[in-house]
Structure formats: C-alpha cells, structure tokens
C-alpha cells in the first residue's frame, strides 16, 4: 500500500484546523501536522511577505485525489498550494493509517 503526505498552506491556524477536521470527518486523512510559517511570494505584481500556516496531511495514495478536491472546494485561497509527496512509513504506522482512512 502506498502512502502520501499532502502539503498545503492556509491563511490562519483556524482555517488549517477547519480543513483538517473536514478531512478527518470524511475519513480521507489519518492526521495532520499544523505549524506556522513565513511565506514570501509574488501575487498580482507585488512581493508579499506574510505569515501562513502549513499542513502535512497523512493519507493513502488512493485517497489523494479526493483530499485535493476537498481542499480546493473549501480553501479560502484562489490558488492554494496542494503538493503530494510519496512516502514510505514503518509497518505499525501504515496499519494505523489504513485503519483510519477509508
């Protein structure tokens, strides 16, 4: 079974928690890491430097498309970053994720 981490960002801790809880209730992720970051980027011709909140969402490869679709539907950004990273996990963790994600 293949596992992935989905990396995405949000405008606030509250939005990150909202997205995470939404995905957990739908059984699309097993858990998430949420942490503050500083992002520097260009948007509409201006350089931006602002705080954001990053999330690493842990799930099965077979659920990644559904996770991405849900994020796109509820995210406040016009263009959210949603990156998928294939990972190898230890056996006990793999069983735990598989039990939670359906």
**Study point:** Search result, residues across the range 42-61 that are in contact (Cβ under 8 Å) with a residue 24 or more places away in the chain and either touching a helix residue (DSSP H, G or I) at 6+ places or on another chain (Cβ under 7 Å) or loosely packed, with under 12 Cβ neighbours inside 10 Å (or both)
**Key:** 53, 55, 57, 58, 59, 60
Check your understanding: Quick check: is even one residue across the range 68-75 modelled with pLDDT under 95 and not in a helix (DSSP H, G or I)?
Key -> no
Check your understanding: in contact with a helix residue (DSSP H, G or I) (Cβ under 7 Å, 6 or more places away or on another chain) and surrounded by 16 or more Cβ atoms within 10 Å (Cβ to Cβ), is that true of residue 24?
Key -> no
Point to revise | Which numbered condition residue 91 misses (of (1) surrounded by 15 or more Cβ atoms within 10 Å (Cβ to Cβ); (2) at pLDDT below 95) | key: (1)
**Study point:** Failed item in (1) under 22 Å from residue 87 (Cβ atoms); (2) in a strand (DSSP E or B); (3) modelled with pLDDT under 95, with residue 34 passing the rest
**Key:** (3)
Check your understanding: In the range 77-86, what residues are surrounded by fewer than 13 Cβ atoms within 10 Å (Cβ to Cβ) and either farther than 23 Å from residue 53 by Cα or out of contact with any helix residue (DSSP H, G or I) (no Cβ under 8 Å at 6 or more places or on another chain) (or both)?
Key -> 78, 79, 83, 85
Review point. Of the residues 3, 35, which single one is buried (at least 17 other Cβ atoms within 10 Å of the Cβ) and touching a strand residue (DSSP E or B) at 6+ places or on another chain (Cβ under 8 Å)?
Key: 3
Exercise for review: Consider residue 29 carefully, then state whether it is assigned to a loop (DSSP other than H, G, I, E, B), touching a residue at least 60 places away in the same chain (Cβ under 8 Å) and surrounded by 15 or more Cβ atoms within 10 Å (Cβ to Cβ).
Suggested key: yes
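The values are calculated or read from the model by the stated rules, or taken from the named source; none is laboratory data. Fair warning: this is a prediction, and the values are worked out from it, not measured in the lab. Don't worry about glycine lacking a Cβ; one is built from the backbone with ideal geometry, like all the others, and counts go over all protein chains shown.
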